[in-house]
Amino acid sequence: MPASSRRPLISGNWKMNLNHYDAIQLVQKLSYLVTKDDVERVDVSVHPPFTDIRTVQTALESDRIPFFLGAQNCHSDDAGAFTGEVSPAFLSKLNVRYVIVGHSERRQIFGETDEFVAAKVSAVLKHKMHPIVCVGETREQREAGSTLDVVAAQILGSLAGRESTQFLDLVVAYEPIWAIGTGLTATAADAQEVCAHIRGCVATTWGADAANSVRIQYGGSVKAGNVPELMAQADIDGALVGGASLDADEFARIVQFPSA
Ligand code: PEP
């Protein structure tokens, strides 16, 4: 079991994979593998591509599958002339519960800044959804010894404007960029060091209650084999899983992580 009293959250980020037919198959297979007992101890969210969300919503609700619906991104405005963007207001109408914000692929490929990420976090919270705010360093930053500074700056920038009371609704995902999709995972000790630092930054700026309530996930090549040790760390409350979330058997084993 996780070392903390915060409720674990295991999230599957499907990225730009699986059309809406494939999505139904994955969700249905997962629903057979993940038991009622599992979801009693762990929150599970699935984050399909936007084109699948309505289909997955219908599958979850009609079959009473107890996974939370997630999105991978949204815009900061509710509506307007933003061709190709997705409104947080519309996501909330689809009963989306968790929205990944500031994923490193958004930051690196699409140039999203901490300022834009902070505006999205506000929008997600305004619509009573929960942002999963991603932070993490590049390989060069880690090798230069600046990981903790980089992550602290991202936390302060991406969570600018937050009230202390909002941290109950917030999730932070620490995702070292060099570990995403590479098969390389931070050691449990390294991941714990950064997650503890993130909690410390939250405590310094927003107070002890905020720090104790915010859930912090680790992401970066999480698999069934490494999740127990990661989840045994005091400041790791869950996992954001990319590649392995596309495989129902593997993702179910991650959700069912045994004690380390
Ligand atoms: C991610 O997409 O957030 C991620 C952590 O991917 P992977 O698990 O494939 O490294």
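Taking the options Ala248, Ala244, name whichever one is within 13 Å of the ligand (Cβ to nearest atom) and within 19 Å of Gly12 (Cβ to Cβ).
Answer to the check: Ala244.
When Val172 is tested against (1) in contact (Cβ under 8 Å) with a residue 24 or more places away in the chain; (2) surrounded by fewer than 17 Cβ atoms within 10 Å (Cβ to Cβ); (3) among the β-branched types (Val, Ile, Thr), just one condition goes unmet, and that condition is (2). For segment 14-40: of the residues being charged (D, E, K, R) and surrounded by 13 or more Cβ atoms within 10 Å (Cβ to Cβ), which is farthest from Leu60 (Cα to Cα)? Filtering segment 14-40 for residues that are charged (D, E, K, R) and surrounded by 13 or more Cβ atoms within 10 Å (Cβ to Cβ), the one farthest from Leu60 (Cα to Cα) comes out as Lys15.
Scan segment 232-247 residue by residue and report those that are under 9 Å from Tyr218 (Cα atoms) and of a type outside the set (Val, Ile, Thr). Break it down into steps so the answer makes sense when it comes.
In the first step, residues of segment 232-247 are kept if they are under 9 Å from Tyr218 (Cα atoms); the result is 236-241.
Asp237, Gly238, Ala239, Leu240, listed by residue number.
Regarding segment 39-47, can at least one residue be identified that is part of a helix (DSSP H, G or I), without any contact (Cβ under 8 Å) to a residue 24 or more places away in the chain and within 27 Å of Ile216 (Cα to Cα)?
From segment 39-47, those part of a helix (DSSP H, G or I) are 39-41; that's our starting set.
Those still in the list that are without any contact (Cβ under 8 Å) to a residue 24 or more places away in the chain too: 40.
Okay, now just the ones that are also within 27 Å of Ile216 (Cα to Cα), so 40.
So far as segment 39-47 goes, yes, one or more of its residues are part of a helix (DSSP H, G or I), without any contact (Cβ under 8 Å) to a residue 24 or more places away in the chain and within 27 Å of Ile216 (Cα to Cα).
Run down Asp52, Asp78 and say which single residue is surrounded by 13 or more Cβ atoms within 10 Å (Cβ to Cβ), acidic (Asp, Glu) and not in a loop (DSSP other than H, G, I, E, B). Talk me through it step by step, then tell me what you get.
Numbers: Asp78 fails: not in a loop (DSSP other than H, G, I, E, B).
Unique residue meeting the criteria: Asp52.
The set of residues in segment 4-26 that are more than 16 Å from the ligand (Cβ to nearest atom) and out of contact with any strand residue (DSSP E or B) (no Cβ under 7 Å at 6 or more places or on another chain) comprises Ser4, Ser5, Asn19, His20, Tyr21, Asp22, Ala23, Ile24, Gln25.
Of the residues making up segment 211-241, not one is more than 14 Å from Ser4 (Cβ to Cβ), free of Cβ contacts under 8 Å to residues at least 60 places away in the same chain and assigned to a strand (DSSP E or B).
Return a yes/no flag: does segment 6-28 have any residue that is in contact with a helix residue (DSSP H, G or I) (Cβ under 6 Å, 6 or more places away or on another chain), outside any helix (DSSP H, G or I), among the hydrophobic types (A, V, I, L, M, F, W, C) and free of Cβ contacts under 8 Å to residues at least 60 places away in the same chain. Looking for residues that are in contact with a helix residue (DSSP H, G or I) (Cβ under 6 Å, 6 or more places away or on another chain), outside any helix (DSSP H, G or I), among the hydrophobic types (A, V, I, L, M, F, W, C) and free of Cβ contacts under 8 Å to residues at least 60 places away in the same chain, one finds none in segment 6-28, hence no. The requirement of being of a type in the set (Gly, Ala, Ser), more than 28 Å from Asp209 (Cβ to Cβ) and in contact (Cβ under 8 Å) with a residue 12 or more places away in the chain is not satisfied by Ala81.
Counting the residues of segment 215-232 that are over 10 Å from the mean Cα position of the chain (by Cα) and within 14 Å of the ligand (Cβ to nearest atom) gives 9. Val46 falls short on exactly one of the conditions (1) over 21 Å from Gly243 (Cα atoms); (2) touching a Gly at 6+ places or on another chain (Cβ under 6 Å), and that condition is (1).
Where a number appears in this text, it was derived from the coordinates with a stated rule and is not lab data. All figures in this text were calculated on a predicted structure; none of them were measured in a lab. When we count neighbours, we look across all protein chains shown, and the Cβ atoms used for this are built from the backbone with ideal geometry, even at glycine.
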